[in-house]
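A.B. asks: There's a structure below that I have some questions on.
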Amino acid sequence: MNRFVAIFYALVLAAVWVPEASGQYMIKLSLDKKTFLSQEPMRATVELSNNSGSDVVMGGPANTNWLSFHLEDATGRQYPPVQVEVEEPFVFKAGAVMKRQILMSENHAIADIGPYALHAVVYHAPTQAYYQSNRVRFTVTEVKAFWEQDFGVPQGLQDAGRVRKYSLHVLREDDGSRLYFRLTDDRSQMRMATFSLGPVNLALDPSFTMDSQNRLQAFFLAAPQIFVHCIIGPDGTLVSRKYYKEGKDNRPMLATRAGEIFVTGGILFDPNAPVVTPKSTGRTASQRPPGL
């Protein structure tokens, strides 16, 4: 999956700061949601318009990128600037508009709970000035695990024999609930991974178990008649995510046979497939789980 990895990098101290909505650039920042679990990576979208009247070569000073982020907490305390991975310079045409989706990685996700504010900063090379976006507010929270299980890292994998812990959490938001996965190292208590498995409908209890490879397998209802089967490895990597649609008298479920774990029943379903017209017998837009 194509994505930028965020790294902390100090901006040039002698830079010129220009307030948002200035003449050279128009910058709009948005986040995919308003509430995040502690240490959950955040996905930000930056929309940039070149209003300078001329083409601009996009690149930052001192081998930095042209885009960075500034974060502050409720007390006004500012964190070190977060700058995305350096990309090759390119020409941004006059009058053009572009979008970038940035994933703030697990290594630099926020651990402390509370409210925060974030804004994007874009470097304008011809004037050596920085332009600031709108300020986006969000909240970092924590919820207690409803299931957790210790396990040993299998032989043949990095840190084999080390004890780690899988845990599952449900974060309730205004627009519904989401199921979260977390991997924690038992010795250091370091959270090695935290991410959402997707929207969850609690009308049915999720199913979860470990397989013979000590991978976590989770199965849950995401939306009416739509189920999700996720497999997560001992390193916290999402191995697979598959969707199943319930048919008539054919509800999918997680099953075990001869030590193997699999989904029985239902019909494989692609939530990203094109939405069909109402006259068609295929899927409608309402069948897509929210948040996907």
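A.B. asks: List residues of the stretch 131-151, by number, whose backbone nitrogen lies under 13 Å from a label position 7 Å along Cα→C-beta of residue 173.
C.D. replies: Only 138-141 pass the distance filter.
A.B. asks: Something else about it: Can you check what the net charge comes to around residue 221, using other residues whose Cβ is under 10 Å from the Cβ of residue 221 (Lys, Arg +1; Asp, Glu -1)? Intermediate results must be reported in sequence, preceding the final value.
C.D. replies: Numbers: positive: 251; negative: 205, 246.
Value of the local net charge: -1.
A.B. asks: If the cut-off is a Cα-Cα distance under 25 Å, which lysines reach residue 99, setting aside same-chain residues fewer than 8 apart in sequence?
C.D. replies: 28, 33, 34
A.B. asks: Compute for the stretch 44-184: radius of gyration divided by Kirkwood radius, i.e. Rg/Rh, restricted to C-alpha atoms, rounded to two decimals. Don't skip to the answer; put the middle values down first.
C.D. replies: Working: Rg = 20.1 Å, Rh = 18.5 Å.
The Rg/Rh ratio comes out at 1.09.
A.B. asks: A further question on this structure: Which order do the peptides 134-140, 150-156, 116-122 take when ranked by the mean count of other beta-carbon atoms within 10 Å per residue, highest first? Before the final figure, lay out each step's value.
C.D. replies: Details: 134-140: 15.0, 150-156: 12.3, 116-122: 21.1.
By packing density, highest mean first, the sequence is 116-122, 134-140, 150-156.
A.B. asks: Just to be sure I understand the curve: with the Debye formula and one point per C-alpha of the stretch 78-120, what is log10 I(q)/I(0) at q = 0.17, 0.31 Å⁻¹?
C.D. replies: -0.72, -1.44
A.B. asks: Here is a follow-up. With label points built 7 Å along Cα→Cβ from the Cα atoms of residue 87 and residue 267, find their separation and express it in nm.
C.D. replies: My value for the distance between the label points is 3.9 nm.
A.B. asks: Would you kindly state how much longer the chain becomes between residue 117 and residue 249 on full extension, computed as 0.36 nm times their sequence separation minus their alpha carbon distance, in nm to one decimal?
C.D. replies: Details: separation 132, 0.36 × 132 = 47.52 nm, distance 4.86 nm.
Stretched fully, the residue 117-residue 249 segment lengthens by 42.7 nm.
A.B. asks: A further question follows. Which Rg and Dmax, in Å, describe the Cα atoms of the stretch 144-287?
C.D. replies: When restricted to Cα atoms, the stretch 144-287 yields Rg and Dmax of 16.8, 58 Å.
A.B. asks: Taking each pair of distinct Cα atoms in the stretch 183-260 once, what is the resulting Kirkwood hydrodynamic radius in Å? Please list the in-between numbers first.
C.D. replies: Values: mean 1/r = 0.0724 Å⁻¹.
One decimal place: 13.8 Å for the Kirkwood radius.
A.B. asks: A further question on this structure: Which lysines, if any, have their Cα less than 20 Å from the Cα of residue 165, not counting same-chain residues under 8 positions apart?
C.D. replies: Here the lysines satisfying the reach criterion relative to residue 165 are 144.
A.B. asks: Given contacts defined as C-alpha pairs under 8 Å and at least six residues apart, what's the relative contact order of the stretch 144-287, whole-number percent?
C.D. replies: On the way: 293 pairs, mean separation 17.9, N = 144.
After rounding, I find 12 percent.
A.B. asks: Kindly rank 214-225, 66-77 from highest to lowest mean number of other beta carbons found within 10 Å of each residue.
C.D. replies: Values: 214-225: 20.4, 66-77: 16.2.
Highest-to-lowest ranking by the protection proxy: 214-225, 66-77.
No lab work stands behind these numbers, since they all come straight from the coordinates. Owing to the predicted nature of the structure, the values given are computational and were not obtained by experimental measurement. When we count neighbours, we look across all protein chains shown, and the Cβ atoms used for this are built from the backbone with ideal geometry, even at glycine.
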